[in-house]
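Colleague: Questions regarding the structure given below will be posed in turn.
Readers should treat all values here as calculations from the given coordinates under stated rules, not as data from a laboratory. This one's a predicted model, so the numbers in the text were calculated from it and none came from an experiment. Ideal geometry is used to build each Cβ from the backbone, glycine not excepted, and the neighbour counts take in all protein chains shown.
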Amino acid sequence: MRVKPFKAVRPKRELAEKVACPPYDVVSEDDVLRLTKGNPYSFLHVVRAEVARKPRLDPSDPTVHVRARDTLNRFLNEGILIQDDSPRFYVYAQQMGEHRQVGLVACASVEEYLEGKIKKHELTRQDKEDDRTRHVLTVGANTGPVFLMYRSIPELDTLIMMSTKEIPEYDFVDENGVRHTVWMVTDDSLIRKIEDWFSKRVKELYIADGHHRAAAAARACQKLKAKNPHHAGDEEYNFFLSVIFPHNQLMILPYNRVVKDLNDLSVHEFLEKTSAHFEVEKLDVETFEPQQRHVFGMYMKERWYRLEPREGSFDPSDPVDSLDVQILLKNLLQPVLGIENPRKDPRIDFVGGIKGVEYLKELVDSGKYSVAFSLYPTQIEDLIRVADAGMIMPPKSTWFEPKLRSGLFVHRIE
């Protein structure tokens, strides 16, 4: 696999904490306003330009991305952001509680993405893909990284870790208590060794998070390639910003479900229909969080239940059919609650496991939802099996934590 050093646009050292922000797609409008209040340096002014600056714009307004481009250029002109003068790699460590992951910041190849060597496990939405493509082309940059992983190779992992013995360029703790540390890899021989290891030993990369960013980078590349009569293949638009981690360092949290109604069923009818495909056990506990695959928690009417699928309700040899999210969808959400397409049905919402099962209980007790389901998290090996088989996971199957910050690295494609 090809990984390419690049000249990052990045914050001045003393402003890194103020510039760095959550990914554009995990913050609400209220979050944006809260995080940008009193902070003119936040990169949310670029990636959520429709909200972060006045007047507010509709997200579909084409001038949103013009505003983002102008803000990025202003940050550069004012010295808030700088651009390195030579291509390099960067090493990015994140520490959340006891969990630590260390990845390589590099540019990945659009060509290898289009060839299927950078493997996907999710479908993309056309409207989001269109919007991200417009953003990349208008701003002239990848403003957020694609979260990639490779099957761990101890020698390569050690090579990447070598830079962490040096003095870091950035080191700060964000508003959620996650520590972010960045080192620059400037030694040419180390850069070549890392490139060589990826080229000779890494046979595929996997998208953990950022399917829309990757798809948008590929579409932007194709548009710019078509406009360039002298296209050579080494232009910056042939590559996209990524952070690449060994698979055994990553953490997936549960992605839980809440549903607004019982599909016109009484509680008794609902439990009866559910028991056709699940063993249902009533629990006398405050909360219930599954500790193994193929066990589900269900909360309604101030009561937790333990669900376990009956034999024959799924194919254990099928990479998708054996996923807990698919078991729940196929055996309960669709046949019992009538939620055929969870991607579009407004009756279902998804809750990242970072909020805990107590939050599920609060949502149901508030009356906004009728039933909640707590799931055991999808495992990294599940994701790899699905991607290797060329298959697609159900919507909202994985919730990775910690999230990569935006604004620490920008890759200009012009």
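Colleague: Hey, what angle do you get for helix 356-365 against the long axis of the chain, alpha-carbon based, 0 to 90 degrees rounded to 10?
Modeller: 50
Colleague: So, one more: List every residue whose amide H lies under 5 Å from the amide H of LYS119, counting only residues 5 or more places away in sequence or on a different chain, with H placed 1.01 Å from N in the peptide plane.
Modeller: LEU205, TYR206, ILE207
Colleague: Just to be sure I follow the rule: in segment 255-376, considering lysines 8 or more places apart or on different chains, how many pairs have Cα atoms under 20 Å apart?
Modeller: Lysine pairs satisfying the spacing and distance rule in segment 255-376 number 17.
Colleague: Enter the angle in degrees (range 0 to 90, nearest 10) between the Cα long axis of helix 188-201 and the first principal axis of the Cα atoms of the chain, meaning the one along which they spread out most.
Modeller: Here the helix axis deviates by roughly 40 degrees.
Colleague: Something else now. How high is the FRET efficiency from GLU169 to GLN292, r the C-beta distance, R0 30 Å, rounded to 0.05? Mind dumping the intermediate values first?
Modeller: On the way: r = 41 Å, r/R0 = 1.38.
Taking R0 as 30 Å, the efficiency between GLU169 and GLN292 is 0.15.
Colleague: Rounded to the nearest 5, what is the percent of antiparallel bridges among the DSSP beta bridges in segment 53-207? Intermediate results must be reported in sequence, preceding the final value.
Modeller: Working: 20 of 22 bridges.
The antiparallel proportion sits near 90 percent.
Colleague: Considering only C-alpha atoms, what is the centroid distance from segment 106-147 to segment 10-82, in Å?
Modeller: The distance from the Cα centre of segment 106-147 to that of segment 10-82 comes to 20 Å.
Colleague: Next up: For the chain, what is the calculated [θ] at 222 nm in deg cm²/dmol (nearest 500), taking -39500 (n - 2.57) for each run of four or more DSSP H residues and dividing by its residue count?
Modeller: Roughly -8500 deg cm²/dmol at 222 nm, from the helical runs in the chain.
Colleague: So, one more: Using Cα atoms only, what is the angle between the long axis of helix 63-77 and the major principal axis of the chain, expressed in degrees (0 to 90) to the nearest 10?
Modeller: On a 0 to 90 degree scale, this one is about 50.
Colleague: Mind computing the radius of gyration and Dmax over the alpha-carbon atoms of segment 102-159? Å is fine for both.
Modeller: 14.2, 41
Colleague: Would you mind computing, in nm to one decimal, how far apart the modelled labels at GLU279 and ILE82 are, each placed 7 Å from Cα along Cα→Cβ?
Modeller: For the pair GLU279/ILE82, the computed spacing is 6.2 nm.
Colleague: Sticking with this structure for a sec: Can you list the residues, at least 5 places off or on another chain, whose amide H is less than 5 Å from the amide H of VAL185, using H built in the peptide plane?
Modeller: Those qualifying (amide H under 5 Å, at least 5 residues apart or on another chain) are PHE89, TYR90, VAL91.
Colleague: Using the C-alpha gyration tensor of segment 175-278, what are the square roots of 5 times its eigenvalues, in whole angstrom, with the largest one first? Don't jump to the answer; show the numbers that get you there.
Modeller: On the way: eigenvalues 404, 105, 44 Å².
After scaling each eigenvalue by five and taking roots: 45, 23, 15 Å.
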